[in-house]
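Report on the following structure.
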Amino acid sequence: MAEKFVIHGGQPLRGDVAISGAKNSVLKLMAASLLTPAEIILNNVPSLSDVDVMKDVIAYLGCEVSQNDNTVQLRARELTSVEAPYELVSKMRASFTVLGALLGRCGEAKVSLPGGCSIGKRGVDLHVKGLEALGAEIEINHGYVSAKAKALTGAEILLDIPSVGATENIMLAAVLAKGSTVISNAAQEPEILDLANFLNTLGADVNGAGTTEIVINGVKPESLTGATYSVVPDRIEASTYLMAAVATHGDVTLHNVFATHLSPIIYKLQEVGAEITTVSPNSLRVQCPERPKATNIVTLPYPGFPTDLQAPMMALLTTAEGVSIIKETIYENRFKQIGELKRMGAEIQQEGNVAVVTGVEALSGAQVRASDLRAGAALVIAGLQAHGTTEILDLHHLDRGYEALVPKLNSLGADMIRVPVEEDSPEKAAI
Ligand code: UD1
């Protein structure tokens, strides 16, 4: 049944909140688990619909999957299929990462193209070129990528752009390849480092992850064992709470975070006037008693400002003092929150990939609709700071990436509930 959030805004967020494991990491660790027949136990797994989709994908391929709270047990003793069908892959682009793992383990794979996506075109050409460089023969037809390789051999691969997904797919295929693979202009995101650390725990030989050059020395299949591994904290979830705290002029301490992964955000939030202090090695406190000031943002690959936080940051800046300029360079269609924020009283002008945000004194609650995961997070931040009541529809987008969003925010003093959208109501009819 369709549901909506009802938020009575205006309360500053105060208190402590624990950050969950990273969605963008755990999905790839689950794909990587296909490389070994041994048992893998993942801890700190967030309860998210995207994780459920990945469980379905790898179970379809023959991996045994079970879950107990935030622990997932995986065992790909034997893979019973090398084909990931459209019905599953089209639900979530990250499932395309099984391509590299299947190719590495089985020498063949047939994976549906992830298809279009509401935030932009998001090609897979770099994934394909990388796997071809390792010796795979790849055909794309009828909406599927079919890859075959008698034996994958290490190669030097220079990525045109530091694609996260392409870096991961190549890493996974290279783990069991013969010889060494060097990925230059690799993505440096913390989730790449987490994947490398996980692979090394299994017995792989991956070096340089977290820098622009990753070297994977291929190992024999029998070198890979099982592992127990804890997923890295979610820097995007953590940053969303930091931004919500600043937008509501609050005082929040985050636990289970890696502050170094949050550097680009901490820097920007300090620029707008927030005070951020390290309370303990994995805890961070943010305070912002005054109205934040405007700033400028350009989205870039890590360690630049993440595209996934552009919309939440825009929501914060709608009530900052002054004019902010936001430039989106990663995706061509990632300003879908603008129309909804304007319905709440924000002053935003968009020209191509640039948005100019003129801070207003306050937003006013309205009924709005989440168009994608991070646009949805932006609307939550807007609703928390707005005067009056905000209703957010299309919550399935938020369920993809924020574990226990309502209880976490309410424990910080928010006034927010999740309720069914009533049958025959005008809002239901519009869905
Ligand atoms: C991952 C993240 C996503 C984040 C993005 C960029 C996951 C599950 N998702 O997505 O939240 O927004 O990184 O930080 O981890 N591109 C090509 N050809 C390719 C591959 C990518 O042109 O073969 C382009 C894309 O269209 C996009 C850009 O490269 O414009 C970045 O994409 P990429 O880094 O691959 O993002 P994802 O791995 O899909």
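Only one of (1) surrounded by 15 or more Cβ atoms within 10 Å (Cβ to Cβ); (2) in a strand (DSSP E or B) fails for LEU341. Which number is that?
Condition (2) is where LEU341 drops out.
Would you mind finding the one in ILE326, ILE330 that is touching a helix residue (DSSP H, G or I) at 6+ places or on another chain (Cβ under 8 Å), within 16 Å of the ligand (Cβ to nearest atom) and either under 16 Å from GLU271 (Cβ atoms) or open to solvent by less than 10 Å² (accessible area, probe 1.4 Å) (or both)?
ILE326
Only one residue in THR211, THR253, THR248, THR260 is hydroxyl-bearing (Ser, Thr, Tyr) and over 28 Å from SER411 (Cα atoms), so which one is that?
Matching residue, one of THR211, THR253, THR248, THR260: THR211.
Report yes if some residue within segment 122-133 is under 21 Å from CYS63 (Cα atoms) and open to solvent by less than 40 Å² (accessible area, probe 1.4 Å); otherwise report no.
The answer is no; no qualifying residue exists.
Of all residues in segment 195-212, which are open to solvent by less than 10 Å² (accessible area, probe 1.4 Å) and either within 13 Å of the ligand (Cβ to nearest atom) or of a type in the set (D, E, K, R) (or both)?
LEU195
Where residues in segment 24-66 are β-branched (Val, Ile, Thr) and open to solvent by less than 10 Å² (accessible area, probe 1.4 Å), which of them is nearest to ARG400 (Cα to Cα)?
Result: VAL51.
Looking for whichever is under 14 Å from PRO301 (Cβ atoms) and buried (at least 20 other Cβ atoms within 10 Å of the Cβ) here; the options are ALA149, ALA186, ALA174. Which one fits?
ALA186
Looking at ARG105, ARG93, ARG77 in this structure, which one is touching a residue at least 60 places away in the same chain (Cβ under 8 Å), open to solvent by 40 Å² or more (accessible area, probe 1.4 Å) and under 19 Å from VAL175 (Cα atoms)?
Answer to the check: ARG105.
Can you say whether ASN141 is without any contact (Cβ under 8 Å) to a residue 12 or more places away in the chain and either in contact with a strand residue (DSSP E or B) (Cβ under 7 Å, 6 or more places away or on another chain) or away from the ligand (no atom under 16 Å from the Cβ) (or both), as far as the supplied structure shows?
It is true that ASN141 is without any contact (Cβ under 8 Å) to a residue 12 or more places away in the chain and either in contact with a strand residue (DSSP E or B) (Cβ under 7 Å, 6 or more places away or on another chain) or away from the ligand (no atom under 16 Å from the Cβ) (or both).
If we keep just the residues of segment 152-163 that are within 16 Å of the ligand (Cβ to nearest atom) and not in a strand (DSSP E or B), which is least open to solvent (accessible area, probe 1.4 Å)?
LEU159
The values are calculated or read from the model by the stated rules, or taken from the named source; none is laboratory data. The structure presented is a predicted model; accordingly, all values stated were derived computationally and were not measured. Glycine also receives a Cβ, built like all others from the backbone with ideal geometry; neighbour counts cover every protein chain displayed. Protein only, heavy atoms only, side chains kept; ligands, DNA and RNA dropped before computing areas. Shrake-Rupley method; radii C 1.70, N 1.55, O 1.52, S 1.80 Å.
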